[in-house]
Structure formats: C-alpha cells, structure tokens
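The values are calculated or read from the model by the stated rules, or taken from the named source; none is laboratory data. Note that the coordinates shown come from a computational prediction; the quantities given were computed from them, not determined experimentally. Ideal geometry is used to build each Cβ from the backbone, glycine not excepted, and the neighbour counts take in all protein chains shown.
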Amino acid sequence: MSLDAAAVQQRIEAKFPGKITSAELEVTDPFLVIDNAAIVEVGTFLRDEPELAFDMLHCHSAVDYLELKEPEKARIEVVLHLTSLKHRHWIVLKVMLPRDNPKTPTLENIWPTANWHEREAYDLFGIEFEGHSDLRRIFLPEDWAGHPLRKDWEWPDEWHGIAVKPDEKFSQRAMEGENIGVGPFD
Amino acid sequence: MSSQTQYKDLEPDEAYAFKPEDLEPDEMILNMGPQHPSTHGVLRIELKTDGEIVKDAQPHIGYLHRNFEKHAENIDYQGVIPFTDRMDYVGSMNNSLTYAVAVEKLMEIEVNERVQSIRVITSELQRIASHLLALGTYGMDIGAFTPFLHSFREREKILDLFEWLCGARLLYNYNWIGGLSHDLPNQWTDRAKIFLDQFEPVIDELDNLLSYNKIFTKRTADVGIIPPERAVGYALTGPNLRGSGIKWDIRKEDPYCGYEKYEFDVPVGQGRYGPIGSCWDRYYVRVEEMRQSVRITRQAIEQMPAEGDVRETVPKRVKPKPGEAYGRTEAPRGELGFYVVSDGGLIPYRVKGRSPCFVAMSIFREIAKGEMIADMIAIIGSLDIVLGEIDR
C-alpha cells in the first residue's frame, strides 16, 4: 500500500519521537527534516520496516544555502530521495548541517549506492561523511583547492601552471562590443 | 591568493588506489584506460590482478568533468538545456526532456497533448538509437564486428529524422521548458512510420545475428552477475535493474508525457543463459526494449492530435517561485532525474543531475571481483555507460 508523506511522518514520529525537526507537506515534493544525529537509525527503520520498505536511495544531493541576509540561517542541506519498489511510494528526507565543518554519518551501510554519492558531495561541497570507507575526491584531482559547488568558492588562479580562472577582462571586452571571435581565448 | 585557492603538490603514486607495498606475491597492478576503446570514453580502471583473475578493481572517473551543476548556477533556466544535451550525448532528447519535465513541475506548467505526443515519439526514437549504439558496440567489444555495421546503418536513419526535425544530429536543444523549439516538419510522421515498418524486421535480424551466437553467449552468460537485491541496494535503474529480473520502469510507475495512454510491456531478464542478472540478460532487455519502443512510437503517432501550438505554454520569462522539484524520466540508460532548486530568481539556485550511468558504474567494483581481465570489457559494455553523463 502506498503511503504519502504525512503517513510516513506519523510512523517515524511514533518510533523516534522528536527526531523530525520540521516537515513541509504542502509543497510540490513534500519533505521531512531529520535530526542529523538520528539519520542512521531513521534510515535503517525506513528500509527495514515492511510497511515502509524504502529500499532504494535513488538520488542524493547537497545544496549550499549561503543566506547572506540572514547569516544565522546559513546551512548545507543533504537531500535524500527514497523510493520503495515494493509499495511504489517515495519520500524526500533532508539533513541540515552547519556550513563550517559539515559532518554527517555515512549511509553506505544502509544503501550501498550512497558510497559514490557521498564521495561526490565530499568532493563538491566538502561534507565529511563519518565512517565512510573510501572518502576521496571522485571528479576533481586529489589536490584541487576547495569545493566548487560551495556558493562562496573562489577560482584558483592556476593549477599546475594551467590557467583555470575565467578572465574578467575577456567578458568586459565582449560587453564593450569588441569582436573577439570564437576559439581559445587569452 | 587566499589559503583556499592553494593546491598542494602530490606524489605521482597518489593517483593509485592500490599500493605496490600492499600486494601479495604474484599480484600486479594494471591500468585499463583512460584511453581504451572499450571503456566507451575516458575511464580509467585500476585492476589488481593475479594472473588472469581480477582480485580488485577501482574505477577512476572525472576525466570529462565539466561541473555542469556549477555552469547551471550561472545561466538562466532555458540556457541550461544545451548543457543537459551534452551529459548523455547519445541520448540527448531524453536529457533535455527530463530537465524540461523537472522545471515544468516546479512552475506547474501543463503542456498540451501535441507536445506530449511529440516528446514521446522523439524520446522513443532516441531510445532506439541509443540502444542500437549500445548493442552494436557491445558486440564489437566482444569481437563481433558485423552487428555494429547493421545497427549503425539503422541508427543513421533515426539521426537523419532528427536532423530533419531540428537541424542537429546529436545535440538537439529541441525540448524547451513548456514546449518544443518548433513543430514537426510536413510529412515527418509519414517518414517516421516508413522507418518503423522497415526497422521492425531488422530487430529480428540483429537478434539472430548476435544474441544466440555461441561465442557471444559463452562470453556473457555467466559473467558480471548482479543479484536483484544488490541491484536495488546500488539503486541501478533502467535495463541494468530490469536485467536482474525486477520490473521497474518510470514510464509505468510515475508516468510523464502521457505514457499511461500507451500499451507496452516492460521486458525483464529471464536468465535464459546462465543465472538472472548476467551480462546477457542486460543485453537482451535492450533488444526487447527496442521492440516496445517501436510499439509506443506507432501508438503515439496514431494518437497525436493534428492541431496544437508547440510553443503555447513556453513562458516568456522562466522565473519559478522559490521552491524545489525533482523530475524524473526513463532515459535509455535508466532513471534520469533533475533536482532543481529555485530561489525565485532568473537563474537556478541549484541543479543536480541524477545520472543512471554514475550509479551503474558504482557497482562495478563489486561485480568485477573474481572475474577474468577479458570479462571487464564484457561487464563495462553490458552496463552501457556514457562517460559524459558519469562525469557531468
């Protein structure tokens, strides 16, 4: 039997009271915000409880909220999209992490697919997944500086002698109407 | 220069996951790729071998990394579409469709029936083209050259149809948010029907040419077995999941573009040669899917309304209200999804692409252990990966 987000919330609430810090049920994709310390227990429960049976973690994303106007709201969200192949329902879970030194327990022991997704989030956001078996960068070179999908990331000037920073002068010249052509730019 | 922008110099052997000092006697580290014809792109696989047996395998990806997600945070919503085309560059129609579906979900746009039908036709033809490429190159990886020529001859006809449709053969920019870039040309559907009539017998021909060949079945039937529970745990989707015997298709489970109107079956791996979930099963699911795609395309052409403006619901300015949506479709390689977050501005706050190939590659280490070196080629080909989508 398919369950909607409210029913899933009820079942988590009954098993782990107070671990859902907030919930948004009136939006396009309803989501539940889970306490960071309890995410492993809640995840295991969601996978193993026969009525819920969320056996597939089909998307794992991270979002950086810089919130310049309200710095106290600044956070990194880890967003988990879970599906149950058995009951054909799905749910979105979120975990809120502080922007400086974000740490969360790994989920690879619950859903093995989290291994690579977490490496991606570590690479591009700098989230540290505690207990991860192989936390290395996955896309970028091992010695790349910083985590590019952070909103306050700055371009390095060069990487091993290769200029990587987009030239601001170039865009200025284009804006001023100069015909700069196509091809390798200076 | 701030401390964040400094890189540290690495020792050359830090690029290796396996260290020479940890090896047992008789073991050896072998690099496959990044420039290797059967890795289907720039993929490096580090193998720890004992003679012919692979003890461990570690894929290294990222050689094609362009950080599509960072680009998407710097251009407007419609401008992201050409970037999505370049993710899975042999299944572009499905990529832009998925992104359009995700943003339409965020903006609560309902496209009209003509747009839906055209989207179904193009994405099913794209699925056939993509599967033809997958099967042809798979045969070639294993050592059968002829099926490759047959399948590329047919794929070319689909690319010609697409070229007539939108001027491009691989990267179309055809599906827009809220509609399509332009309507079908005159008599395009007639030509598509002629193609389908001519193509349907060719599937049987291809099937007879390769599928039951003794060398082919020996090379694929007992290799790279993915048990169903591991396939689900690793969140495999598409033919890779269905090859393990699990009936799961987004077109049936979470219909988009009116797929609920069409009659089609979801083929799954039967274990006709060797155990369920072998390379052969994954290969054969793709053959069967081409038959189903022909069926769907026929119905979609039949039921397509003659009238309708394909740009009726294309917004003048794409400016969704703050919020987020996850849109997903069944791409040729599995569930493709885009998680789009809007802050109410003209450019997306965050676009995450959920790539089926990235997920398929993550199971590689587990299924490669204990196989032979030559079987690595068979396993990679059967997972049908495209590096443009893995690395994004």
Considering the range B:313-365, residues that are under 23 Å from residue B:254 (Cα atoms), of a type in the set (S, T, N, Q) and within 24 Å of the chain's Cα centre (by Cα), and then whichever is nearest to the other protein chains (Cβ to nearest Cβ), we arrive at B:355
Which numbered condition residue B:368 misses (of (1) farther than 25 Å from residue B:324 by Cβ; (2) within 11 Å of another protein chain (Cβ to nearest Cβ); (3) buried (at least 21 other Cβ atoms within 10 Å of the Cβ); (4) in contact with a strand residue (DSSP E or B) (Cβ under 6 Å, 6 or more places away or on another chain)) = (2)
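Would you be able to tell me the number of residues in the range B:322-359 that are assigned to a loop (DSSP other than H, G, I, E, B) and free of Cβ contacts under 8 Å to residues at least 60 places away in the same chain?
To start, the set of residues in the range B:322-359 that are assigned to a loop (DSSP other than H, G, I, E, B) comprises B:322, B:332-333, B:343-349, B:355.
Checking which are free of Cβ contacts under 8 Å to residues at least 60 places away in the same chain leaves us with B:322, B:343-345.
Here the count works out to 4.
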Unique residue being under 24 Å from residue B:325 (Cα atoms), of a type in the set (A, V, I, L, M, F, W, C) and free of Cβ contacts under 8 Å to residues at least 24 places away in the same chain when the list is A:23, A:5, A:62, A:38 | A:23
If only one of B:193, B:214 is at pLDDT 90 or above and among the charged types (D, E, K, R), which one is it?
-> B:193
Counting only residues that are closer than 19 Å to residue A:77 by Cα and surrounded by 11 or more Cβ atoms within 10 Å (Cβ to Cβ), the range A:10-23 contains a total of 4
Do you know which of the residues in the range A:51-61 that are crowded, with 24+ Cβ neighbours inside 10 Å and more than 8 Å from every other protein chain (Cβ to nearest Cβ) is nearest to residue A:41 (Cα to Cα)?
-> A:54
So residue B:157 fits all but one of (1) charged (D, E, K, R); (2) within 30 Å of residue B:318 (Cα to Cα); (3) over 19 Å from the mean Cα position of the chain (by Cα); what number is the exception?
-> (2)
Look at the range B:4-37 and say how many of its residues are surrounded by 12 or more Cβ atoms within 10 Å (Cβ to Cβ) and modelled with pLDDT of 75 or more.
-> 13
Restricting the first residue to the range A:140-155 and requiring it to be more than 7 Å from chain B (Cβ to nearest Cβ), which pairs with a second residue that is in a loop (DSSP other than H, G, I, E, B) and surrounded by fewer than 14 Cβ atoms within 10 Å (Cβ to Cβ) meet a Cβ separation below 6 Å and a spacing of at least six or different chains?
-> A:155/A:165
Quick one: which residue in A:23, A:5 is among the aliphatic types (A, V, I, L, M), touching a Pro at 6+ places or on another chain (Cβ under 8 Å) and within 14 Å of another protein chain (Cβ to nearest Cβ)?
-> A:5
If you check residue A:130 against the conditions, is it facing chain B (nearest Cβ under 9 Å), surrounded by fewer than 18 Cβ atoms within 10 Å (Cβ to Cβ) and farther than 26 Å from residue B:334 by Cα?
-> no
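For the structure I just gave you, tell me whether residue A:105 is more than 22 Å from residue B:353 (Cα to Cα) and touching a residue at least 12 places away in the same chain (Cβ under 8 Å). Talk me through it step by step, then tell me what you get.
Working: more than 22 Å from residue B:353 (Cα to Cα): yes; touching a residue at least 12 places away in the same chain (Cβ under 8 Å): yes.
Here the answer is yes, as residue A:105 does meet what is asked.
Yes/no per residue for (1) among the acidic types (Asp, Glu); (2) within 13 Å of chain B (Cβ to nearest Cβ):
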position	(1), (2)
A:41	yes, no
A:47	no, yes
A:71	no, no
A:78	no, yes
A:97	no, no
A:100	yes, yes
A:106	no, no
A:113	no, yes
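Might you check whether a residue that is farther than 24 Å from residue B:390 by Cβ, within 8 Å of another protein chain (Cβ to nearest Cβ) and not aliphatic (A, V, I, L, M) occurs anywhere in the range A:81-88? Quick ask: steps written out before the conclusion?
Filtering the range A:81-88 for residues farther than 24 Å from residue B:390 by Cβ gives A:84, A:86-88.
Checking the rest, the ones that are also within 8 Å of another protein chain (Cβ to nearest Cβ) come to A:88.
If we keep only those that are not aliphatic (A, V, I, L, M) too, we end up with A:88.
Scanning the range A:81-88, I find at least one residue that is farther than 24 Å from residue B:390 by Cβ, within 8 Å of another protein chain (Cβ to nearest Cβ) and not aliphatic (A, V, I, L, M), so the answer is yes.
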Give A:6, A:62, A:37 a once-over and let me know the one that is at pLDDT below 85, on the phi < 0 side of the Ramachandran plot and small (Gly, Ala, Ser).
-> A:6
Check whether at least one residue in the range B:143-154 is surrounded by fewer than 19 Cβ atoms within 10 Å (Cβ to Cβ), more than 14 Å from chain A (Cβ to nearest Cβ) and β-branched (Val, Ile, Thr), and report yes or no.
-> yes
Filter the range B:259-288 down to residues that are over 22 Å from residue B:235 (Cβ atoms) and acidic (Asp, Glu) and give me whichever is nearest to the chain's Cα centre (by Cα).
-> B:288
What residue, among those in the range B:69-88 that are touching a helix residue (DSSP H, G or I) at 6+ places or on another chain (Cβ under 9 Å) and part of a loop (DSSP other than H, G, I, E, B), is surrounded by the fewest Cβ atoms within 10 Å (Cβ to Cβ)?
-> B:75
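Please work out if residue B:162 is among the aromatic types (Phe, Trp, Tyr) and surrounded by fewer than 20 Cβ atoms within 10 Å (Cβ to Cβ).
no
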Pairs, first outside any loop (DSSP other than H, G, I, E, B) in the range B:1-29, second at pLDDT 80 or above and of a type in the set (S, T, N, Q), C-beta under 8 Å, six or more apart = B:27/B:49; B:28/B:49; B:29/B:49
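Working carefully through the options B:224, B:274, B:269, find the one that is modelled with pLDDT under 90 and closer than 22 Å to residue B:127 by Cα.
Working: B:224 fails: closer than 22 Å to residue B:127 by Cα; B:274 fails: closer than 22 Å to residue B:127 by Cα.
Testing whether each residue is modelled with pLDDT under 90 and closer than 22 Å to residue B:127 by Cα leaves just B:269.
Inspect the range B:91-107 for any residue being in a loop (DSSP other than H, G, I, E, B) and under 13 Å from the mean Cα position of the chain (by Cα) and give the result as yes or no. I'd like the intermediate steps shown before the answer.
Of the residues in the range B:91-107, the ones in a loop (DSSP other than H, G, I, E, B) are B:91.
So of that shortlist, the ones also under 13 Å from the mean Cα position of the chain (by Cα) come out as B:91.
Taking every residue of the range B:91-107 in turn, at least one turns out to be in a loop (DSSP other than H, G, I, E, B) and under 13 Å from the mean Cα position of the chain (by Cα).
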Among residues of the range B:259-280 being within 19 Å of residue B:135 (Cβ to Cβ) and outside any loop (DSSP other than H, G, I, E, B), the residue nearest to the other protein chains (Cβ to nearest Cβ) is B:279
Out of all the residues in the range B:235-258, is one or more assigned to a helix (DSSP H, G or I), more than 20 Å from the chain's Cα centre (by Cα) and crowded, with 18+ Cβ neighbours inside 10 Å?
-> no
Considering every residue within the range B:169-190, establish whether at least one is surrounded by fewer than 18 Cβ atoms within 10 Å (Cβ to Cβ), out of contact with any Pro (no Cβ under 7 Å at 6 or more places or on another chain) and among the aromatic types (Phe, Trp, Tyr).
-> yes
